[in-house]
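Right, one structure below, let's go through it.
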Amino acid sequence: MAREEPTYRRILLKLSGDAFASPDREFGISPEATAGLAHQLAGVTQSLGVQMAVVVGAGNIWRGRQAPEMDRARADYMGMLATVINALALQDALEAAGQVTRVQTAIHMAQIAEPYIPLRAVRHLEKGRVVIFAGGLGRPYFSTDTTAAQIGLEINAEAILKGTKVDGIYDADPVQHPDAHKFEAIEYTEVLTRGLEVMDATAISLCRDNGLPILVFDFRKEGNLRRILVGEPIGTLVHGAAR
């Protein structure tokens, strides 16, 4: 039986800290949720031959904006360190699923991860290894969304896949507004103009200026990652204006 051909050969998957927590809990790392996530990632990497890079957030461990009395830079550094915890948890789950994995960090910590070196990351991807990026960009005031856009461009990813808790981009919160309209596709500029909470403005602008498409989808639904990679019309595509 011929192997399915993926729409994208190299992708960057952006996962929030919510991906590591149980659906009924806001904080912490759920071994079951992390193992399920690893199963999906290993499956598409091994069966589709997709080169998989991952940027992880850490809202399940630390949200600096919830401590406004703290120095912003210090709170951001704490968040960067928290992403390393999630990255190691995902690495462990992926290795248990038989997928060779590397963690690279923007903050030097040689005992547990490689330093972030784009060319080395590309070599790992070419050898079929999943590469997890942690530590953000190593500087405060930048979100993990911006990290995903920056790294995606540096490693020549063909698309950013943004895993969320909803099945795409809506013009209002679908939980609070059941009649909210879902976009099948939307341009970068409209996302910025409407102020839609997809990724932060810096990340959207980076992707727009460099023509890097963003696909927003529900990562909690089993099989969605594979579906989006083989071209099924799920989620929402953020793209440039037609020429």
Next item on the list: Above 16 angstrom, tally the Cα pairs of segment 167-224 and express them as a % of all pairs, no decimals.
Entry: 47
Item checked: Contour excess over end-to-end distance, with Cα ends at residue 201 and residue 173 and 0.36 nm allotted per residue -> 8.2 nm
Note to self: I'd like to know which of 180, 157, 170 lies farthest towards the positive end of the charge dipole of the chain, counting +1 on Cβ of Lys and Arg and -1 on Cβ of Asp and Glu.
What the structure shows: 157
Next item on the list: Could you check which residue among 17, 128, 152 shows the biggest mean-square fluctuation in a GNM of the chain with a 10 Å Cα cutoff?
Entry: 128
Next item on the list: Over the chain, calculate the relative contact order: mean separation of alpha carbon pairs under 8 Å at least 6 apart, over the residue count, as a percent.
Entry: 21
Notebook entry, point to check: Each residue of segment 209-221 in order: what ³J(HN,Hα) in whole Hz does its phi give by Karplus 6.51 cos²θ - 1.76 cosθ + 1.60, θ = phi - 60°, with x for Gly and Pro?
Noted result: 5, 10, x, 9, x, 10, 10, 9, 8, 7, 7, 6, 7
Next item on the list: Can you tell me which of 111-120, 153-162 comes out highest on packing, and rank the rest after it, using the mean Cβ neighbours within 10 Å?
Entry: 153-162, 111-120
Checklist line | the chain: most fluctuating residue of 25, 63, 226 per GNM, C-alpha cutoff 10 Å | finding: 25
Next item on the list: Quick one: order 108, 181, 124 from most to least accessible surface, probe 1.4 Å.
Entry: 108, 181, 124
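So with the 1.4 Å probe, I'd like the accessible area per residue for the chain, rounded to whole Å². Don't jump to the answer; show the numbers that get you there.
Values: 11990 Å² over 243 residues.
Per residue, the chain has an accessible area of 49 Å².
If you average the sequence gap of Cα pairs under 8 Å that are 6 or more apart and divide by the length of segment 1-119, what percent do you get for the contact order? Write down the numbers at each step before the final one.
Details: 154 pairs, mean separation 29.0, N = 119.
Contact order relative to length: 24 percent.
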Notebook entry, point to check: Given 107, 130, 118, which one lies farthest toward the positive end of the charge dipole of segment 90-141, if we put +1 on the Cβ of every Lys and Arg and -1 on the Cβ of every Asp and Glu?
Noted result: 118
Next item on the list: Enumerate by residue number the GluC sites (Glu not before Pro) in segment 1-97 meeting two conditions: DSSP loop (anything except H, G, I, E, B), and at most 12 other Cβ atoms within 10 Å of the site's Cβ.
Entry: 26, 69
Check: For segment 88-190, what is the per residue volume of the convex hull drawn over the alpha-carbon atoms, in cubic angstrom?
Finding: 157
Next item on the list: For residue 190 paired with residue 218, estimate the spin-label separation in nm (one decimal), with each label point 7 Å from Cα along the Cα-to-Cβ line.
Entry: 2.2
Notebook entry, point to check: Taking Cα atoms of segment 1-135, Rg/Rh with Kirkwood Rh, to two decimals?
Noted result: 1.00
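Which percent of the Cα-Cα distances in segment 1-63 go past 17 Å?
Numbers: 910 of 1953 pairs.
Above the 17 Å cut-off, segment 1-63 has 47 percent of its Cα pairs.
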Next item on the list: Please provide three numbers in whole Å: the alpha-carbon extents of segment 109-159 along the principal axes, with the largest listed first.
Entry: 33, 31, 14
Notebook entry, point to check: Under 15 Å Cα-Cα from residue 165, which aspartates and glutamates qualify once same-chain neighbours fewer than 8 residues away are excluded?
Noted result: 18, 24, 26, 173, 197, 218, 222
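Let's see if you can work this out: charge +1 on each Lys and Arg Cβ, -1 on each Asp and Glu Cβ, no other charges. What is the dipole magnitude of the chain about its Cα centre, in debye to the nearest 20? Intermediate values should be presented prior to the final figure.
Working: 25 positive and 29 negative charges, 142 e Å.
Here the size comes out at about 680 debye.
Sorting check: for 6-13, 195-202, which peptide has the highest mean count of neighbouring beta carbons within 10 Å, and how do the rest follow?
Working: 6-13: 21.8, 195-202: 16.1.
Ranked from most to least packed, the peptides come out as 6-13, 195-202.
The values are calculated or read from the model by the stated rules, or taken from the named source; none is laboratory data. Please read these numbers as outputs of a predicted model, since none were measured by experiment. Using ideal geometry, Cβ is built from the backbone for each residue, glycine included, and neighbour counts are taken over all protein chains shown. Note: areas computed on protein heavy atoms with side chains; ligands, DNA, RNA excluded. Shrake-Rupley method; radii C 1.70, N 1.55, O 1.52, S 1.80 Å.
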